[in-house]
Every structure is written in C-alpha cells, then in structure tokens.
Amino acid sequence: MRTHARSGSAAIEFAMVAPVFFLFLFGIIETGVIFFAGSALQNATDDVARLIRTGQISGHLTADDLRTRICAEVAGLISSGTCAANLQVDLRAYTNFAGNNYATITKPDGSIDTTKLVIDNAGACEVVLMRSFYPWTIMTPMMAPLLQNMPGGQYLIASAAAFRTEPYVSGSSC
C-alpha cells in the first residue's frame, strides 16, 4: 500500500515548483527578446546614421522620413504599423563636439516627452547625434513590474549614433 501512496507526489511537487520555474523561463525569454529588439534598433539607427554621415540623405529631413527608414530595417521584429506609430527619433546637429548639450527627452516617470524631440538639418562636416526610442510592450504580464522602466508595462529601448558628417559637398574639407 505504501508504494501506491507516493504515486502522485511528483505531480504535487511540480505544481509547487512550476510557478517559479515558469516565471524564470518567461523572464529569460522576455529579457532575450528585449535585448534582441535593442540590437535590431541599434543596427537600424546605425544604418540610417551612415546614410546621413555619407550625405546619401541630407537637407531637410523629417521625423517621418527617418522613422520610415528605421522601421524598414526592423520590420521582421516589429510590425511596420506599430513601429511607425511608436518609434520616436531625435536628430541634433552641432558645429563641433565640444560644449554641446544633449538634452534628455524622458519625463521623470520614464515616458518620452515628444515636445523635446528635434530634427535638425545635418550638413557637411557637422557633428550629429541621432537617437531613436521605441517603447516595447512587455509580453509576459507577470514580468511587467520587474522589467518596465516606463508606465503601462513598457520598456524603453533607446539607441544612439554620434558622428561627424563627411565633406560630401565637392571642394569642401572638414
């Protein structure tokens, strides 16, 4: 009779351990997806920054143009409609690296203050800071309180590229 008395103990023990196990499992997956999305956003920001640095896109740039180019590069991870609606871009141009003030664009609660976003015209031989921000919605509800750095269960993914544009105007040098 004793051998049959232990037959359900494994199921009961697993039921006690399962919530913690699944919390760790989903936490690892969620964190990995967030880091992957951050890497994809950084790569897309770098690619668009390279176009600006080399003069392939210049003149009067708009936030929508930059957003479209970045969203095209992260299309496999984030749907283009969601990306276009949520991605924020900040592009600032300066004459040199010294004495520049790189303003923060976040509010005290971690959300994006869209009134502080700027899109400057980047010309030849200018120092440019390009930043992109995407509020990633945390998929696992139990992980939201642990991972969120924005209100509403979101994690702000940010990427930046700082560079000096090339002297792409003929006859000029930096």
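The values are calculated or read from the model by the stated rules, or taken from the named source; none is laboratory data. The shown structure was predicted, so the numbers you read here are calculated from the model rather than taken from an experiment. Ideal geometry is used to build each Cβ from the backbone, glycine not excepted, and the neighbour counts take in all protein chains shown. Calculation scope for accessible area: heavy atoms of the full protein, side chains included, ligands and nucleic acids excluded. Shrake-Rupley method; radii C 1.70, N 1.55, O 1.52, S 1.80 Å.
What is the number of the single condition among (1) under 15 Å from the mean Cα position of the chain (by Cα); (2) open to solvent by less than 40 Å² (accessible area, probe 1.4 Å); (3) of a type in the set (Val, Ile, Thr) that Thr165 does not meet?
(1)
Restricting to the range 95-138, name every residue that is aliphatic (A, V, I, L, M) and under 30 Å from Gly32 (Cα atoms). First the steps, then the outcome.
Filtering the range 95-138 for residues aliphatic (A, V, I, L, M) gives 98, 103, 105, 112, 117-119, 122, 124, 127-130, 138.
Those that are aliphatic (A, V, I, L, M) and under 30 Å from Gly32 (Cα atoms): Ala103, Ile105, Ile112, Leu117, Leu129, Met130, Ile138.
I'd like the full set of residues that are open to solvent by 30 Å² or more (accessible area, probe 1.4 Å) and touching a strand residue (DSSP E or B) at 6+ places or on another chain (Cβ under 8 Å), limited to the range 25-43.
Gln42
Among (1) touching a strand residue (DSSP E or B) at 6+ places or on another chain (Cβ under 7 Å); (2) open to solvent by less than 50 Å² (accessible area, probe 1.4 Å); (3) not hydrophobic (A, V, I, L, M, F, W, C), where does Thr140 come up short?
The one condition Thr140 does not meet is (1).
Within the range 91-103, does at least one residue satisfy the condition of being loosely packed, with under 15 Cβ neighbours inside 10 Å, among the small types (Gly, Ala, Ser) and out of contact with any helix residue (DSSP H, G or I) (no Cβ under 8 Å at 6 or more places or on another chain)?
We begin by selecting, within the range 91-103, every residue loosely packed, with under 15 Cβ neighbours inside 10 Å; these are 95-103.
Checking which are among the small types (Gly, Ala, Ser) leaves us with 98-99, 103.
Still in the list and also out of contact with any helix residue (DSSP H, G or I) (no Cβ under 8 Å at 6 or more places or on another chain): 98-99.
Yes: one or more hits.
Can you go through Ala85, Ala49 and tell me which one is surrounded by 16 or more Cβ atoms within 10 Å (Cβ to Cβ) and either over 30 Å from Gly171 (Cα atoms) or touching a Phe, Trp or Tyr at 6+ places or on another chain (Cβ under 7 Å) (or both)?
Being surrounded by 16 or more Cβ atoms within 10 Å (Cβ to Cβ) and either over 30 Å from Gly171 (Cα atoms) or touching a Phe, Trp or Tyr at 6+ places or on another chain (Cβ under 7 Å) (or both) holds for just one of Ala85, Ala49, which is Ala49.
Could you tell me whether the range 61-82 includes any residue that is of a type in the set (A, V, I, L, M, F, W, C), at pLDDT below 90 and within 13 Å of the chain's Cα centre (by Cα)?
Within the range 61-82, one or more residues are of a type in the set (A, V, I, L, M, F, W, C), at pLDDT below 90 and within 13 Å of the chain's Cα centre (by Cα).
Can you find a residue that is open to solvent by 70 Å² or more (accessible area, probe 1.4 Å), touching a residue at least 24 places away in the same chain (Cβ under 8 Å), farther than 26 Å from Ile57 by Cα and among the charged types (D, E, K, R) anywhere in the range 106-114?
yes
Only residues in the range 158-174 that are under 20 Å from Gly59 (Cβ atoms) count as the first member; pair them with residues that are among the polar types (S, T, N, Q) and surrounded by 16 or more Cβ atoms within 10 Å (Cβ to Cβ), Cβ under 7 angstrom, at least 6 apart or cross-chain, and list the lot.
Ala161/Thr45
Taking Ser9 as meeting all but one of (1) within 17 Å of Ile138 (Cα to Cα); (2) polar (S, T, N, Q); (3) open to solvent by less than 70 Å² (accessible area, probe 1.4 Å); (4) without any contact (Cβ under 8 Å) to a residue 40 or more places away in the chain, write down the number of the exception.
(1)
Please indicate, with yes or no, whether at least one residue in the range 144-152 is open to solvent by less than 30 Å² (accessible area, probe 1.4 Å), more than 21 Å from Phe26 (Cα to Cα), in contact (Cβ under 8 Å) with a residue 40 or more places away in the chain and in contact with a Leu (Cβ under 8 Å, 6 or more places away or on another chain).
To start, the set of residues in the range 144-152 that are open to solvent by less than 30 Å² (accessible area, probe 1.4 Å) comprises 144, 150.
Those left that are additionally more than 21 Å from Phe26 (Cα to Cα): none.
No, the range 144-152 contains no residue that is open to solvent by less than 30 Å² (accessible area, probe 1.4 Å), more than 21 Å from Phe26 (Cα to Cα), in contact (Cβ under 8 Å) with a residue 40 or more places away in the chain and in contact with a Leu (Cβ under 8 Å, 6 or more places away or on another chain).
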